1. Just checking, which of 239, 261 is touching a residue at least 24 places away in the same chain (Cβ under 8 Å), open to solvent by less than 30 Å² (accessible area, probe 1.4 Å), touching an Asp or Glu at 6+ places or on another chain (Cβ under 6 Å) and closer than 30 Å to residue 415 by Cβ?
2. Given the condition aliphatic (A, V, I, L, M) and modelled with pLDDT of 85 or more, answer yes or no: does some residue in the stretch 22-33 qualify?
3. Note down all Cβ pairs under 7 Å where the first residue falls in the stretch 428-455 and is more than 21 Å from residue 472 (Cα to Cα), the second is open to solvent by 50 Å² or more (accessible area, probe 1.4 Å) and at pLDDT 90 or above, and they're at least six residues apart or on different chains.
4. Name, by its number, the condition in (1) of a type in the set (Ser, Thr, Tyr); (2) in contact (Cβ under 8 Å) with a residue 24 or more places away in the chain; (3) touching a strand residue (DSSP E or B) at 6+ places or on another chain (Cβ under 9 Å) that does not hold for residue 549.
5. Does any residue of the stretch 284-305 turn out to be under 17 Å from the mean Cα position of the chain (by Cα) and either of a type in the set (Gly, Ala, Ser) or open to solvent by 20 Å² or more (accessible area, probe 1.4 Å) (or both)?
6. Take the residues in the stretch 488-497 that are within 14 Å of residue 524 (Cβ to Cβ) and in contact with a Leu (Cβ under 8 Å, 6 or more places away or on another chain), then tell me which one is most open to solvent (accessible area, probe 1.4 Å).
7. So, residue 642, is that one at pLDDT below 90, in a loop (DSSP other than H, G, I, E, B) and not basic (Lys, Arg) or not?
8. For a quick check of your reading: which helices (runs of 4 or more DSSP H) sit entirely within the stretch 183-301 and have at least 2 residues that are within 19 Å of residue 329 (Cα to Cα)?
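The values are calculated or read from the model by the stated rules, or taken from the named source; none is laboratory data. Because the structure is a prediction, the values reported are computed rather than measured. Methodologically, a virtual Cβ is constructed for each residue, glycine included, from the backbone with ideal geometry; neighbour enumeration extends over all protein chains shown. Note: areas computed on protein heavy atoms with side chains; ligands, DNA, RNA excluded. Shrake-Rupley method; radii C 1.70, N 1.55, O 1.52, S 1.80 Å.
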Amino acid sequence: MESSEEDDDFPSIESITPQSKVDSLYQSHTEKGIRKLCCELLDLKDAVENLCGNMRTKYLAFLRISEEAVEMEHELVELRKHISAQGILVQDLMTGVCHQLEEWNQSTTEVQPDHEIGELQDPLPIETDDHKIVLEKIDVLLAEHKVEEALEALDSEERNSPELKSSGDTSSTEGSSYRSAFLQRKAVLEGQLVEVAGQPFVSFPELQRALSGLIKIGKGPLAHQLLLKFYGSRLEKSIEALSPSCSVCPKTYPATLSKLIFSAISLATMKSGSIFGDNPVYTNRVVQWAEWEIEYFVRLVKENAPSSGTVSALRAASVCVQASLNYSLMLERQGLKLSKLILVLLWPFIEEVLELNFRRARKLVLDLVEADECMSFSPRFAAPLSAFTISSDRMLADSGIRFMCIVEDILEQLTPLTILHFGGNILSRISQLFDKYMDALIKALPGPSDDDNLTELKEFVSFRAETDSEQLAILGVAFTILEELLPNAVMNLWKQQSESGEPKSGSAENVTPIPSTATELKDWRRHLQHSFDKLRDHFCRQYVLSFIYSREGKTRLDAQIYLNGDGEYWGSTPLPSLPFQALFAKLQQLATVAGDVLLGKDKIQKILLARLTETVVMWLSDEQEFWGVFEDDTGPLQPLGLQQLILDMHFTVEIARFAGYPSRHVHQIASAIIARAIRAFSARGIEVQSALPADEWFVETAKSAINKLLLGTEGSEVSEIDEDNIILHDHIVLDSDDSVSSLSSVESTDSFASASMGELDSPRHFDDSEG
């Protein structure tokens, strides 16, 4: 069984081909292939040798033909010389014959009759013969295209011939015909000079000789026209050679194009001065030609620029302004002032590019379109803005980073001269972009805004700030952009422009004064601040309204608490009314949250708390329903109610003072409220002067109340206001999403607890001067 299996696995030895046969078989095939390849290579070698031989033969034939052409040219020149010599001999012969005839006539005058003498006398005057010799000499020079020699001959004859010096009123027919023939030769020479000047590949020395010749024959305007045509033709060829690169390098194309055009203008101006002098007629023609070329330059820039809404178009436009104004400044040294024309022609184009770029930027800021892949988000914006990231939601910080990167991407495309001449326009558009961003952030805050009709902003809002921390984070992002990131980005660029010294010399029409730039920057900062104030005021208004009104729409600051005057809050130590104690606690709570969210932003913390306090008293001052209770004759009024209201106002002012933020406006509004309340109570028959303590008492009582609330001193009665769970015990609890700790435990440097005991004890009155 095993042997049968082996037979199946290994075939019979008889079926195996011997190795020698395999080697002989494949060796013969290989040799045949090699032999065939060798034959083909030999055939190829023969073909190459034949081709080289043919090329050599043809090249030698070409050289022989070239030599024959040169020899033929020399023979033609010799033939022309021979013809010229023969012509001179003929002229000499004619002159000799004339002299012989003249002598013969003189010898036969006595024999022949008078009429016969008249017929034979002077058949060809000597003067006429001389004119013919000159004209024929000039004809020979013109035929041989010896322009310079012909020009000298014409010039010499014109100086020496009296017939040509006359103004054209010749007495003889011969003189008139000679003058006409001379002018014809002059016209032929003019045509030859124009032909030389109009050659497409004429060198400048040849052109200059031709122009000088035209000037000598009295054709200066034509020569100047040919000079400008020469530079225009060269410029057109250079532009045609540059055109293919406009699609490859769109950002640098305007700079290269401006170099070509302004170089041509500079050379044309220089050569015009050297050849034609300072003639005003020619200078004006150069200026007019330069203006045409600049108009052509601006048209080319517009036609070959990238799409106006792209960053590449903005860069190309900025480079165009920079290069063209730099070159125009150089031309001013040659007497050409073209800067105004350049700015006038470029202004619509720059306006269009800026408008479309900022329109695209607005869509990017509002997240209506996706950002370009090439746009890089700078990490230097991430560090200051990421500090306001709440939990895992980075949407707010990312929106701020996105805004700054978009603005920086635009600013990086600008050149110094673009900033100098279009800086005000750019600042205005950045302000408008910032306005849109602030409006979008307002939409993210609770409550209705003033711009509900902006549908594009509604699409932008992809997050809502519900808690105090989130709302403060929005303010922190906006404030950081306002105070640090955006001004730094703009001011650095404007500072580089002012330090670049472009241009410091030249005409005054080119340079915008530095004070004007400073004024534009100041107005721009003021506009940004105003836009941020809208966001801040919206937050403060909604925050105060959420405190004043309960969820059911009832007001906590109800005038009824001042009507009875039963001394509800006047225990052993008088205290502000319960709503103002709750306001104190809510502001204290917000200061604590702000100390965490706006860490290191002391300025915005103080501004917010001051504005919140100010918003409360402003609401109270403008609330007609509140004042209607006092001014209505039906409601009972008591002196203690007035005292409570005045104490509440003093308490509000002291909150602002002790927290360390400005209180001037709070002081003014509180004083107006107190004055109005006194008038209302006096009109109702209350003896105000005798019923009210001195102002010092209110100030000290308000300070004492703050002290007591801060230190958690016992003595405040347990009471409630409405049904909104604002309760006063040892500390105050609010209906807020954020929990509140004991007021005495607050450690924030910007909270109300930051006021030292010395400050609490210091006497301050409403008439103190405040900054």
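1. It is 261.
2. Looking through the stretch 22-33, none of the residues is aliphatic (A, V, I, L, M) and modelled with pLDDT of 85 or more.
3. Close Cβ pairs satisfying both conditions: 431/527; 433/362.
4. With respect to (1) of a type in the set (Ser, Thr, Tyr); (2) in contact (Cβ under 8 Å) with a residue 24 or more places away in the chain; (3) touching a strand residue (DSSP E or B) at 6+ places or on another chain (Cβ under 9 Å), residue 549 is out only on (2).
5. Here is the first cut: in the stretch 284-305, the residues under 17 Å from the mean Cα position of the chain (by Cα) are 298, 301-302, 305.
Imposing the further condition that a residue be either of a type in the set (Gly, Ala, Ser) or open to solvent by 20 Å² or more (accessible area, probe 1.4 Å) (or both) reduces the set to 302, 305.
Within the stretch 284-305 (the criterion being under 17 Å from the mean Cα position of the chain (by Cα) and either of a type in the set (Gly, Ala, Ser) or open to solvent by 20 Å² or more (accessible area, probe 1.4 Å) (or both)), the answer is yes, since at least one residue qualifies.
6. Let us first name the residues in the stretch 488-497 that are within 14 Å of residue 524 (Cβ to Cβ), namely 488-491, 493-494.
If we keep only those that are in contact with a Leu (Cβ under 8 Å, 6 or more places away or on another chain) too, we end up with 489-491, 493-494.
Numbers: 489: 17, 490: 0, 491: 76, 493: 31, 494: 10 Å².
Here the answer is 491.
7. On the way: at pLDDT below 90: yes; in a loop (DSSP other than H, G, I, E, B): no; not basic (Lys, Arg): yes.
Spelling it out, it is not the case that residue 642 is at pLDDT below 90, in a loop (DSSP other than H, G, I, E, B) and not basic (Lys, Arg).
8. Passing ranges, in order: 253-276.
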